[in-house]
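Enquirer: Before anything else, here's the structure in question.
The values are calculated or read from the model by the stated rules, or taken from the named source; none is laboratory data. If you're wondering where the values come from, they're calculated on a predicted model, not measured in any experiment. Methodologically, a virtual Cβ is constructed for each residue, glycine included, from the backbone with ideal geometry; neighbour enumeration extends over all protein chains shown. Remember, those area values only see protein heavy atoms, side chains included, never the ligands or the DNA or RNA. Shrake-Rupley method; radii C 1.70, N 1.55, O 1.52, S 1.80 Å.
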Amino acid sequence: MADRVPDAIATIFTDAFTGTAATGGFVGSGIMLAIQFGVARGIFSNESGMGSAAIAAAAAKTQHPARQALVSMTQTFIDTIIVVTITGLVIVTAGTWDMGRDQAAIMTASAFGQALPGEWGSLIVSVALIFFAFSTILGWSYYGERAIVALVGDWASIPYRMFFTALSFVGAVASLELAWTFSDLSNGLMAIPNLIGLLILSGLVVRETREYLDWDPKLTKSPDEVAGFVARQKMNWR
């Protein structure tokens, strides 16, 4: 199937903004709807712009926020540029890309099933989906709990966990269309205030990042040196 990769890349680029882009589960839809679903699923792959990943990054042990920010930036590249691109190429080269949006898991499993010998492809995708779903539930539970605790206090932790567990069950038994719609709406509601905050704080982020990279351009400073740098920054702020 490796010989089909150039044709697959050409298909992706030539059909990205044509009616063909809407046929993979969006029959009758226009370019705008295709882009809308593409952006929505892209956000699911890396959470860019929603502010959720920053909650986990804030809990990391690091000497300077700029160092952690540089590490966090890699998730977007790895998730979207590497993992999603490889998955997309496998699906297009296998010819399963037009099975439909509601059949995304089956589409991917079928594509990898054709690419790998025996049933290994479908098995790997199935196991990966289980781990992905489980880790996603844990991750979003943590994000939501940190947010509710910050808003109303520690007392809300247990009620939130009970509510989240109940909502997870509802999502598992509800229709797939309802689950996707609710998820897209929730992501949009999170992205709007976060993007506004990013615009407001963009100058501070750029200044802090440039100041740190000017001091440690190769990111080779030891933890003690970084701690000293942070201490000097705090003295300057005062």
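Enquirer: Kindly indicate whether Gln63 is within 21 Å of Leu138 (Cβ to Cβ), open to solvent by 50 Å² or more (accessible area, probe 1.4 Å) and touching a residue at least 24 places away in the same chain (Cβ under 8 Å).
Expert: no
Enquirer: Taking only the range 66-80 into account, find how many residues are surrounded by fewer than 16 Cβ atoms within 10 Å (Cβ to Cβ) and in contact with a Leu (Cβ under 8 Å, 6 or more places away or on another chain).
Expert: Selection size over the range 66-80: 1.
Enquirer: Can we say Glu177 is out of contact with any strand residue (DSSP E or B) (no Cβ under 8 Å at 6 or more places or on another chain), modelled with pLDDT of 85 or more and of a type in the set (D, E, K, R)?
Expert: No; evaluated as a whole, the condition is false for this residue.
Enquirer: What's the number of the only condition in (1) at pLDDT 75 or above; (2) exposed (fewer than 12 other Cβ atoms within 10 Å of the Cβ) that Thr18 fails to meet?
Expert: Looking at each condition in turn, Thr18 falls short on (1).
Enquirer: Is it true that Thr108 is part of a helix (DSSP H, G or I), at pLDDT 80 or above and surrounded by fewer than 14 Cβ atoms within 10 Å (Cβ to Cβ)?
Expert: No: the conditions fail for Thr108.
Enquirer: Taking the options Val83, Val92, name whichever one is modelled with pLDDT of 80 or more, open to solvent by less than 40 Å² (accessible area, probe 1.4 Å), assigned to a helix (DSSP H, G or I) and not charged (D, E, K, R).
Expert: Val92 is the lone residue from the list that is modelled with pLDDT of 80 or more, open to solvent by less than 40 Å² (accessible area, probe 1.4 Å), assigned to a helix (DSSP H, G or I) and not charged (D, E, K, R).
Enquirer: On the basis of being farther than 23 Å from Ala8 by Cα and either in contact (Cβ under 8 Å) with a residue 40 or more places away in the chain or small (Gly, Ala, Ser) (or both), does Arg146 make the cut?
Expert: Answer is yes for this residue.
Enquirer: Next up: Applying the selection to the range 181-237, what residues are open to solvent by 90 Å² or more (accessible area, probe 1.4 Å), not in a helix (DSSP H, G or I) and not basic (Lys, Arg)?
Expert: Pro217, Thr220
Enquirer: Can you list residue pairs whose Cβ atoms sit under 8 Å apart, with the first residue in the range 217-233 being under 13 Å from Ala66 (Cα atoms) and the second being open to solvent by less than 70 Å² (accessible area, probe 1.4 Å) and among the hydroxyl-bearing types (Ser, Thr, Tyr)? Count only pairs 6 or more apart in sequence or on different chains.
Expert: Phe229/Tyr212
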